[in-house]
Amino acid sequence: MSDKLSYEEKKELPDSVFGLPERREYPMPDAAHVRAAEAYFRYCPEELKPKLARAILRFAKEYGVDVESPVVLSYASGS
């Protein structure tokens, strides 16, 4: 499965699978998308990075993905 969703596919997803549900950004319906969210983390607005980092870790745990980015891990832990 690709880590790219079409507009139609993205529209069908529930808010609960987005890293930033209020903006419907960083969809993570599967492991490939968790990895994509980690890869695109640097594009997230600074003030939303802690929230997105925690979401990435939550979805990573659900799908058995190892988060390796020290930046994501540091934002998630609040350091």
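The values are calculated or read from the model by the stated rules, or taken from the named source; none is laboratory data. A quick note: this is a predicted structure, and the numbers were derived from the prediction, not measured. Cβ sites come from the backbone with ideal geometry, for glycine too, and all protein chains shown count toward neighbours.
Cβ separations smaller than 8 Å between residues 6+ apart or across chains give the following pairs from region 1-30 residues that are closer than 21 Å to Ala53 by Cβ to residues that are part of a strand (DSSP E or B) and of a type in the set (Gly, Ala, Ser): Glu25/Gly19; Tyr26/Gly19; Pro27/Gly19; Met28/Gly19. For region 41-79, the set of residues classified as of a type in the set (D, E, K, R) and at pLDDT below 95 consists of Glu68 only.
Looking at Pro29, is it under 22 Å from Ser6 (Cβ atoms) and of a type outside the set (Gly, Ala, Ser)? Yes.
Restricting attention to region 7-50 and to residues that are touching a strand residue (DSSP E or B) at 6+ places or on another chain (Cβ under 7 Å) and of a type in the set (Lys, Arg), the residue that is nearest to Ser69 (Cα to Cα) turns out to be Arg24.
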